[in-house]
Amino acid sequence: KPLVFSGVQPTGNLHLGNYLGAIRKFVALQENNDCIYCVVDLHSITAQLVHEDLPGQIRSIAAAFIASGIDPEKHIVFNQSAVPQHAELAWIFNCVARIGWMSRMTQFKDKAGKDRENASLGLLAYPSLMAADILVYRATHVPVGDDQKQHLELTRDIAQKFNIDFMEHIRRGGYGIDIVVGEEPIHAYFPQVEPMIGGPAPRVMSLRDGTKKMSKSDPSDLSRINLMDDAETISKKIRKAKTDPDALPSEVDGLKGRPEADNLVGIYAALSDRTREQVLAEFGGQQFSVFKPALVDLAVSVLSPITGEMRRLMEDTAHVDAILRKGGERARARAEKTMREVREIIGFLQ
Ligand code: ATP
Ligand code: MG
């Protein structure tokens, strides 16, 4: 079975973008894959070091995974810091990756802002830890939102450089697997990961600004629909969402140059498991005064069962903690298997 890995940071309120771009795909992939889903707490201290309630944030992401339908018995759900092998492999990847690769990442540029010299070294090295998260299990499939595409390309570059730099050591230890890169069959230790980005909402935009992605860390709560929002709040946020004055077009082409309209149609399509074309076939020619209430009803009907289950789980912290602890043990055993080989390949005595 293909091995799927993905993670979500405990950096605040989970939102519709996280759900449609990531978590909903995690749920669907359980059927035919072996899945590892991680609350990436080590990542959460890269942009902001001190968090008011990190344990609560970690539990809320785990609760969202489970409430959305992830089965922690059949698959693995855990928090990253419980498996120190992630950080160990990230250190090695820090020595594989080049500073130039890291400083070109758009997430680094966005999050570091103007005062780049003053960003944490961890924020610069973020993609190296992300590569380690995936490759410490030698996972091959990674469901993420569109914003993580660049980091996954870097993961491929890191894997490839490691494979080439240590080619002789890998062969000598008898560890390699044969993979094909482009047309070339090569003998490699780490696989080339496949990003899984598609769907109608790979990048959900802010409700206040159709050119910015919806983010947990956006200071405006009106910019996003949180998984924990109640029906009234969802309704208020969608009613206040920025739009243009025109009616919806009947064809997808008519959404060009209308980022806010495009975003709301994309959200509707994703939530109803339809395409943009199908949504416009129904709503083309209608005003937002008709479309927005329909979107509110749809969003509430999809999200409210998840919200209810999340609330219930978050009152049972012992249950959530036990799931994470068990998941951590299982993940640790698998990650250590890779690390023993990696240490051997590099030449560390153990
Ligand atoms: P932060 O602002 O702290 O980076 P975030 O909202 O970007 O928070 P992450 O934990 O960084 O959330 O990302 C978790 C997953 O959600 C990733 O797969 C990411 O690609 C996806 N994701 C985040 N924002 C969006 C969005 N607006 N649309 C679709 N997917 C998204
Ligand atoms: Mg992010």
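Annotations for the structure displayed:
- For segment 312-325, the condition of being within 30 Å of Phe190 (Cβ to Cβ), surrounded by fewer than 16 Cβ atoms within 10 Å (Cβ to Cβ) and in the same structural domain as Ile61 (by TED's automatic domain parsing) holds for at least one residue.
- Test: residue in segment 46-57 that is crowded, with 24+ Cβ neighbours inside 10 Å, near ligand 1 (Cβ under 10 Å from one of its atoms) and not assigned by TED's automatic domain parsing to the domain that holds Ser301: no
- Taken over segment 197-223, residues that are more than 10 Å from ligand 1 (Cβ to nearest atom) and among the hydrophobic types (A, V, I, L, M, F, W, C) amount to 2.
- Listed by first and then second residue, the pairs with beta-carbon distance under 9 Å, at least 6 apart or on different chains, first residue in segment 139-151 and closer than 11 Å to Arg203 by Cβ and near ligand 1 (Cβ under 6 Å from one of its atoms), second charged (D, E, K, R) and part of a helix (DSSP H, G or I), are Val144/Lys25.
- For the criterion of being under 30 Å from Met205 (Cα atoms) and either among the small types (Gly, Ala, Ser) or modelled with pLDDT under 95 (or both), Gly328 fails.
- In a residue-by-residue description of segment 201-210, the property of being within 16 Å of ligand 2 (Cβ to nearest atom) and either surrounded by fewer than 19 Cβ atoms within 10 Å (Cβ to Cβ) or charged (D, E, K, R) (or both) applies to at least one position.
- Test for His151: is it in the same structural domain as Lys111 (by TED's automatic domain parsing) and surrounded by fewer than 20 Cβ atoms within 10 Å (Cβ to Cβ): no
- Of the listed requirements (1) over 19 Å from Val193 (Cβ atoms); (2) within 14 Å of ligand 2 (Cβ to nearest atom); (3) not in a helix (DSSP H, G or I), Gly17 misses just one: (3).
- Trp91 being in a helix (DSSP H, G or I) and touching an Asp or Glu at 6+ places or on another chain (Cβ under 7 Å): no
- Within segment 155-200, the set of residues being surrounded by 15 or more Cβ atoms within 10 Å (Cβ to Cβ) and closer than 30 Å to Thr243 by Cα comprises Met196, Ile197, Gly199, Pro200.
- Listed by position, the helices (runs of 4 or more DSSP H) contained in segment 239-350 that have at least 2 residues being without any contact (Cβ under 8 Å) to a residue 12 or more places away in the chain are 276-283, 288-315, 317-346.
The values are calculated or read from the model by the stated rules, or taken from the named source; none is laboratory data. None of the values given here were measured: they were computed from a predicted structure. When we count neighbours, we look across all protein chains shown, and the Cβ atoms used for this are built from the backbone with ideal geometry, even at glycine.
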